[in-house]
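The values are calculated or read from the model by the stated rules, or taken from the named source; none is laboratory data. This is a predicted model, so every value here is computed, not measured. Glycine gets a Cβ as well: all are built from the backbone with ideal geometry, and neighbour counts include every protein chain shown. We work out accessible area using only protein heavy atoms, side chains counted, and drop any ligands, DNA or RNA first. Shrake-Rupley method; radii C 1.70, N 1.55, O 1.52, S 1.80 Å.
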Amino acid sequence: MRVEQHLNFDWKFGFFQEQHLRGVGFEQLNPVDIPHNAVDIPFNNFNEQMTLSVFTYVKTIDIPMELKGQMLRLRFEGVAHRANVYFNLKHVKEHLGGYTPFEIDITENVLYGSVNTLLVVVDTHEHEDIPPFGGVVDYLGYGGIYREVKLIQTPPAYIKDVFIEQNGTPDLSVHLRLSKPHGQVQIKIKDSEGLKVLHDKFELNDSTHTVMLHLDDIKLWDLDHPYLYTMTVSYINGKDTDQMEIPFGIRKAIFKNDGFYLNDQKIKLRGLNRHQSFPYVGYAMPKHAQEEDADILKHELGVNIVRTSHYPQSVHFLKRCDEIGLLVFEEIPGWQHIGKELWKEISFQHVQEMIERDRNHPSIVLWGVRINESPDDHQFYLKTNDIAHTLDPSRQTAGVRNIAFSDFLEDVYTYNDFSHTGQNIGLSDTKKITQDVPYLVTEYNGHMFPTKRYDDESKRIEHTRRHLNVLDAMMKKDNGISGCIGWCMSDYNTHQEFGSGDKICYHGVLDMFRIPKMAAHAYQAEGLKKPFMAVSSTMNIGEYPGGNLPNALVFTNLDEIKLYKNDTFIKSFYPNHKDYKNLIHPPVWIDDLIGDTMMQQEHMEKKDAEMTKRILKSITTHGNRLSLKHKLQTLYLLKKYKMTFDEGVKMFFRYISGWGSQGMSYRFDGYQEGKLVQSIVKTNTEYTDFNIQTDDHTLQIQETYDVKRYVIRKVNQVGELLPYASDVITISTEGSIEVIGPQHLALQGGAIGFWVKTKHQGHGIIHIQSLEKSIDIGVDVL
């Protein structure tokens, strides 16, 4: 029977030396665990050349004598970027490319009943013959054994591969690859409750075989109910028995000329691109962090699709997408550049490795078989499409380009549309990009308007409005656009040719710590099913030139906002369907901070109150340089209501600036079907505190170490984030955990994140220290 032994702990690591190939010098290496980043980097302002070198990884493995006669294979999920593997000092494999898995049969090289030595020489240089390298690349490649490693033990007669081909019907085609040409296969299928729904067996006379199955009363996998079955395949050949378990879902996913359909229901796709990188440690994050990114996309941002830009990503991420109902567009490694023949051969291999690893994931609806934004290459892309369709006839292919009317060989025309500049329509007319074919926008915004969480409020609002504008254009009915996938989920480290000069591309709707920027609210309001509400402004006039506070925006999926100023009701406001005709939940524009209060407090007639509001608004824009019309109207109002000039000035202070008052407070009450659901208060800061956010305080060591993300926010007395707080925070740990990255951090835009990782089981404590406060957090490691 199959046994998998995880090999992620107790490695030794260091810079490569030739003597390592002779088994000499291992005692000088440092202990590390997998996933591992070869060179940790600062958050920003570094020389990316520091990540490029050649490194040695060594692990000893005890293999008992009783395993003799079994097949033993090593599986590496991801090694960046050139891996040469030696077993007991014998070279057994070279793998080129850091984003796809590979296996090695070591059966003939094992010393049974003894200690065996696994040596991996990892070259992290960006070699021009290995995708995605050879040209400039707008992301870092990092390096190291950054995904898991395991030893797979099977009998000589074993299952090589199982592909469950389905198309949303009760009929399944199960494609089997076996190590021997004869034997019996038994197949059991259980539903999500663990109840058996099928049990069948087949006699085989070939090592490759397709079995046809029929399930009664199927339950479909979809976005709201991602129903998963489990198939257990047992292969019996004489005394040998092997077994594999494969989770799968049944769904029909197809892109048509008029849009995307899931289980025959037309759905507009609203998503984000994801890079798999994290601060300091690059790609090297274990299961929990990968799963959390999927949860953030689905449950915190409310999107329904993610693109794995620009390479296959962790199986943990994909499995979580299966579990929560998040669609995936997965693509091969690459960025604009197409290399020479060896480069292309490796790319063909990447297509195969990607699809063979991931074709049982119901979340995946498209294979990306074209290098992102590359020029046309007819013969190259004929072959990538052919490989994909041969390995998986059930899914469509796509190829992301930034070229209109380019050579179209895939099933779906996927296009990066950066035409929006803030003043024009959000997306190009599809007729100007391609013929009448299935069409999906795969990038927008991003580098067109890089934005940091600590940029001034007006820039953050503009960033958000640009995302809203594209979403609104995409959501228009019958426009031939299946959906749009924004650039991008979170900020990321990059090469010197890109970013803001500090080696970061600030293109995300989250920062690198996965803390939302204001633009995240565009997706949250449109996509989340739970009540959501956020206000664009701190309502501070000093944030804007001349104290001219513009209209505030409330991003929400609620249907009414009631505004109160200093507890006085101002007005009810409603979603702006006039300017955003296609969004389900457009923002609410707060364009009146006075309402009818002048009629109530100054006893003005309605027409005079409206006239006064227009004058006061003009003063905020032009100061005392009023138009003649407004000057005459001011004289008229002062005379009619027997006010002195000083009393008129005090009216400005009272209704516009709040100068000289005890303070100004705004309360936004959100209503759904007449019921108060949520309130947000914007007011002057009287005292501050720190808010600590995480999912829980328990970590669990399993196949690898575990990690946990914490976010520190500085807030005022009503819990409002202080967006320009930059306090220095010191983080230290004791016991069973340690901090990933530096211990001294400065808040960015009022908040900062950090991860802790496990060292061993037991209790741990996180100490958070600022000049104002000390916080201790207990953590349990299981």
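Order 401, 82, most accessible first, counting only protein heavy atoms with a 1.4 angstrom probe.
Sorted descending by solvent-accessible area, the residues read 82, 401.
Go through segment 332-339 residue by residue and turn each phi into a ³J(HN,Hα) via Karplus (6.51, -1.76, 1.60, θ = phi - 60°); whole Hz please, and just put x for glycine and proline.
6, x, x, 7, 6, 8, 10, x
What percent do you get for the relative contact order of the chain when only Cα pairs under 8 Å and 6+ apart count?
Worked out over the chain, it gives 9 percent.
Taking 25 Å as R0, compute the FRET efficiency from the Cβ-Cβ separation of residue 208 and residue 68 and round it to 0.05.
Taking R0 as 25 Å, the efficiency between residue 208 and residue 68 is 0.30.
Express in nm, to one decimal, how much length is gained between residue 264 and residue 15 on full extension, taking 0.36 nm for each residue of separation and deducting their alpha carbon distance.
Extending this stretch completely gives an extra 84.2 nm.
Quick one: plug the Kirkwood hydrodynamic radius of segment 181-286 (C-alpha pairs) into Stokes-Einstein at 20 °C, 1.002 mPa s, and report D in µm²/s.
123 µm²/s
Calculated from the structure, Cα extents along the principal axes in Å equals which of (1) 89, 64, 52; (2) 82, 72, 50; (3) 105, 58, 52?
For Cα extents along the principal axes in Å, the calculated option is (3).
Can you bin segment 1-127 into rounded, prolate or oblate? Criterion: square roots of the alpha carbon gyration tensor eigenvalues sorted a ≥ b ≥ c, rounded for a/c under 1.5, prolate for a/b above b/c, oblate for the rest.
The shape class here is prolate.
For segment 448-552, what size does the Cα cloud have along each of its three principal axes, sorted from largest down, in whole Å?
Sorted largest first, the three principal extents are 44, 38, 25 Å.
Provide the per-residue ³J(HN,Hα) series for segment 285-291, in order, calculated from phi with Karplus coefficients 6.51, -1.76, 1.60 and θ = phi - 60°, each as a whole number of Hz, with x at glycine and proline positions.
Running phi through 6.51 cos²θ - 1.76 cosθ + 1.60 with θ = phi - 60° gives 10, x, 3, 4, 5, 5, 5 Hz.
How far is it, in nm, from the label point at residue 324 to the one at residue 177 when both lie 7 Å from their Cα along the line to the Cβ?
Each label point is offset 7 Å from its Cα along the Cβ direction, giving 3.2 nm.
Expressed as a whole number of Å, what is the distance separating the alpha-carbon centroids of segment 243-259 and segment 137-163?
One Cα centre to the other: 23 Å.
Using r as the Cβ-Cβ distance of residue 718 and residue 348, and R0 as 45 Å, what FRET efficiency do you calculate, to the nearest 0.05?
The pair residue 718/residue 348 has a calculated efficiency of 0.20.
Residue by residue through segment 709-717, what is 3J(HN,Hα) from phi via Karplus (6.51 cos²θ - 1.76 cosθ + 1.60, θ = phi - 60°)? Round to whole Hz and write x for glycine and proline.
Values, residue by residue: 9, 10, 10, 9, 10, 9, 10, 9, 5 Hz.
How do 474, 212, 611 stack up against each other in accessible area, from largest to smallest, with a 1.4 angstrom probe?
Descending order: 212, 611, 474.
So, in Å, what gap is there between the alpha-carbon centers of segment 699-771 and segment 279-306?
18 Å
I'd like to know which of 146, 684, 426 lies farthest towards the positive end of the charge dipole of the chain, counting +1 on Cβ of Lys and Arg and -1 on Cβ of Asp and Glu.
Result: 684, furthest along the dipole toward the positive end.
If you put +1 on each Lys and Arg Cβ and -1 on each Asp and Glu Cβ, how big is the dipole of the chain around its Cα centre, in Debye rounded to 20?
The calculation lands at about 2420 debye.
In nm, what is the difference between 0.36 nm times the number of residues separating residue 569 and residue 495 and their Cα-Cα distance?
Net length gain for the segment: 21.4 nm.
Among 1, 672, 492, whose Cα sits farthest toward the positive end of the charge dipole of the chain (+1 at Cβ of Lys/Arg, -1 at Cβ of Asp/Glu, about the Cα centre)?
672
In whole Å, how far is the Cα centre of segment 445-463 from that of segment 401-419?
Distance between centres, Cα-based: 27 Å.
Evaluate the distance, in nm, between pseudo-label points positioned 7 Å from the Cα of residue 746 and of residue 125 along their respective Cα→Cβ axes.
Placing both labels 7 Å along Cα→Cβ, they lie 3.7 nm apart.
Select from 85, 98, 132 the residue farthest towards the positive end of the dipole of segment 47-167; place +1 on Cβ of Lys and Arg, -1 on Cβ of Asp and Glu, and compute about the Cα centre.
85
To the nearest 0.05, what FRET efficiency results for residue 684 and residue 591 with a Förster distance of 22 Å applied to their C-beta separation?
Rounded to the nearest 0.05, the efficiency is 0.45.
In nanometres, what is the gap between the two model label sites at residue 217 and residue 644, each 7 Å from Cα along Cα-to-Cβ?
It is 8.6 nm.
Calculate, in nm to one decimal, what residue 601 and residue 112 gain on full extension: separation in residues at 0.36 nm each, minus their alpha carbon distance.
166.9 nm
Quick one: putting +1 on the C-beta of Lys and Arg, -1 on the C-beta of Asp and Glu, what dipole do you get for segment 311-389 around its Cα centre, in Debye to the nearest 20?
The dipole magnitude comes to about 100 debye.
Need one word for segment 302-418: rounded, prolate or oblate. Basis is the Cα gyration tensor (sqrt eigenvalues a ≥ b ≥ c); a/c below 1.5 gives rounded, then a/b vs b/c decides.
Because a/c hits 1.5 or more and a/b exceeds b/c, segment 302-418 counts as prolate.
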